[in-house]
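Student: I have a structure here, written as C-alpha cells, and I will follow up with some questions on it.
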Amino acid sequence: MNDAAFDVVVVGAGPAGLGAACAAAESGSSVGVLDDTPWLGGQIWRGEETQPANREARRWLMRLRNSGATLLRGTSVVAAPGPGLLLAEHNLRPCRVRWQRLILATGARELFLPFPGWTLPGVMGPGGLLALAKHGWPVSGRRVLLAGSGPLLPAVAESLRRHGARVVGIAEQAPWRQVMAFGLALRAHHKLWQGIRLKLRLLGVPYRCGTWPVRAEGDDQVRRVTLTDSRRTWRQECDLFACGFGLVPNVELPLALGCELVSGFVRVDSRQATTVPHVYAAGEPTGIAGADSALVQGLVAGYAAAGQTLKAEGLFAQRDAGYRFRAALARAFALRPELKTLAADDTLLCRCEDVTLGQARQFANWRDAKLQSRCGMGTCQGRVCGAAAKVILGWEPESVRPPILPALVGSLISQPRPEQPSLAPDGGKPCLPAAASEQTKSGAKLYAGA
Ligand SMILES: Cc1cc2nc3c(=O)[nH]c(=O)nc-3n(C[C@H](O)[C@H](O)[C@H](O)COP(=O)(O)OP(=O)(O)OC[C@H]3O[C@@H](n4cnc5c(N)ncnc54)[C@H](O)[C@@H]3O)c2cc1C
C-alpha cells in the first residue's frame, strides 16, 4: 500500500479546500490536498483548469500551484481508521494518508425530494445537469425546466443558456416576499450587482416564486411536468427537468471522525476548529453560504492549522459577514411543508434499492428501515434517500460507517486492525509512486487522476 504524510491534509479541492491549502502551504506547512475528482475547484469551478472562463477561479488555481502543496487528484477518502490517519483510494488502489492537522472541506450535494416521476430519465439535479453540460453532454436546443429552491437555480439556468439550452422556466418554491427580501439583503453582502447581472442575462425566462413540481410524466424520458402555486395547477412541456431543493452538507467524514454537528452542520469555533482536536472544517459542511464564504473559511482554517493565529483572526470580520449571508439564505429559501407530501405511497424513496415511501413508512426510524427494507443500503449509501427521509419523515441517520464513498473491498480490508500499533503522524515526505506524480514549477507534486 502507498503511504503519504503531511503536516496538514485538506480533504476537498473546492473553494474552501483551495483557500485552506494555500493558507497552510504559504505558511510553511507541508500540505496534501485530496479530492475524489480528477480536477481542482470543486463543484463551482469544475472544468476551469482546462477551459478557464472565471478570473477568480484562475487566480486561486494559480495560487495553489505556486503554494507548494501536493495535490492528490482522483483520491477518495473512504475511511478514518485511526488517529492521524485516513484511508484513501487512488486509481482503485488503497493508500494511507497521515496528518497532524486535518481540514475537512468536503462540500455539499443536492437535495432531491421524491415526487411521482422523479426517477424518469431526463429528471436530474440542476448542479448535476450543469456538470454534465460542462463535460460536453449536449444540451443545445433542448427545453430545460428548472425547479426546487435556492440561488443555484438561476445560476445554473444562466450557465445552461450559455451552453445553448432553451430554459423554459424556473419554479422557486419560496414565496415572493422571502425571495424579494433576500434580493434586497444582497446589497449588504456586496452581491447586488451579481444578482442584477444574472437577472438581466435571464430576461425572457419566467421565474415563478411560490411554485413547485407535483409530478413529472413521460415515456422513455420526461416529457412534461405538472407545477402548482397552490391556487392553480398547470403543465409545462420540457426535454429535461432539473430539480433540486437546495444543498445537503457532506458530513459523513466529519461524523466518522467523531466531529459534533449542530443543526446538521459541523460545529466549529472561531478558528474553524471542530470538536475533535486538530481537525478543522470549512465551507459547506459548516453551513451553506456559497463560494466566497467557503474561500474565506478555508483561509481561516488553513492559517489556524498552520499556527498563524493572527492571520486567521485578521479574516474573522470577512468570514462573519459570510455567516450573515448564510442566515439570510436559510431564511429566504426555507422549505415549505407542502414539499413533504409530494411523494405518494408508491413513489420510490430509495431508487438504488427500489424501496417506496409507503414501504419505508412502516418502520419507526432510519435504522429500522435500513435493516428491514435495504433502504439506503445501495450505491449512494443513503446520500439521496437519507436526506429525503430526513425532510419527509424527520428521520436522522444514527451513525456513519465506512466506506464513506464507494470503495473496493480490497481497500477496506487493508485498514489496520485495532490491535495494530497506532499509526501516529510523522510529518514525513509523501511516498506515493514517483511515476504517478508530476512536478510543478513550485516543487508541488501533482498526482494524476483516474
Ligand atoms: C452539484 C453541485 C453543483 C454546483 N454548481 C454550482 C454552480 O454552477 N455555481 C455556483 O455558484 N455554485 C454551485 N454549487 C454550489 C457551490 O458548490 C458552493 O457554493 C461552493 O463552491 C462550495 O465550496 P466548497 O469548497 O465548500 O465545496 P465543493 O466545491 O463542493 O468542494 C468539495 C470537494 O470535496 C470533494 N470531496 C468530498 N468528499 C470527499 C472525500 N471523501 N474524498 C475526497 N474528496 C472529497 C468533492 O468532490 C469536491 O470536489 C454547486 C453545488 C453542487 C452540490
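The values are calculated or read from the model by the stated rules, or taken from the named source; none is laboratory data. Keep in mind that this is a model prediction, so the values were computed, not measured. Quick reminder, even Gly has a Cβ in these numbers, built from the backbone with ideal geometry, and neighbours come from all protein chains shown. Ligands, DNA and RNA are stripped out before the accessible areas are found, and what is left, the full protein with its side chains, is counted by its heavy atoms. Shrake-Rupley method; radii C 1.70, N 1.55, O 1.52, S 1.80 Å.
Student: Looking only at region 131-149, count every residue that is surrounded by 24 or more Cβ atoms within 10 Å (Cβ to Cβ) and within 10 Å of the ligand (Cβ to nearest atom) and tell me the total.
Tutor: Going through region 131-149 one residue at a time, the tally reaches 0.
Student: Would you please name the residue that is farthest from Gly246 (Cα to Cα), looking only at residues in region 19-48 that are within 15 Å of the ligand (Cβ to nearest atom) and open to solvent by 60 Å² or more (accessible area, probe 1.4 Å)?
Tutor: Here the answer is Pro38.
Student: On to the next question. Where residues in region 305-324 are open to solvent by less than 50 Å² (accessible area, probe 1.4 Å) and under 24 Å from Val11 (Cβ atoms), which of them is nearest to the chain's Cα centre (by Cα)?
Tutor: Gly322
Student: Do you know which residues across region 68-98 are of a type in the set (Val, Ile, Thr) and within 20 Å of Gly410 (Cα to Cα)?
Tutor: Passing the criteria: Thr75, Val77, Val78, Val97.
Student: Ok, one more. Give the number of residues within region 339-370 that are over 25 Å from the mean Cα position of the chain (by Cα) and open to solvent by 60 Å² or more (accessible area, probe 1.4 Å).
Tutor: 7
Student: Do you know which residues across region 278-292 are assigned to a helix (DSSP H, G or I), open to solvent by 10 Å² or more (accessible area, probe 1.4 Å) and within 8 Å of the ligand (Cβ to nearest atom)?
Tutor: Glu284, Gly290, Ala291
Student: Still on this structure, I have one more. Report, by residue number, each residue of region 374-408 that is farther than 21 Å from Gly258 by Cα, in contact with a Gly (Cβ under 6 Å, 6 or more places away or on another chain) and part of a loop (DSSP other than H, G, I, E, B).
Tutor: Hit for region 374-408 is Gly376, nothing else.
Student: Which residue out of Ala171, Ala88, Ala181, Ala157 is more than 12 Å from the ligand (Cβ to nearest atom), open to solvent by less than 10 Å² (accessible area, probe 1.4 Å) and either under 30 Å from Val300 (Cβ atoms) or modelled with pLDDT of 95 or more (or both)?
Tutor: Checking each option against the conditions leaves just Ala171.
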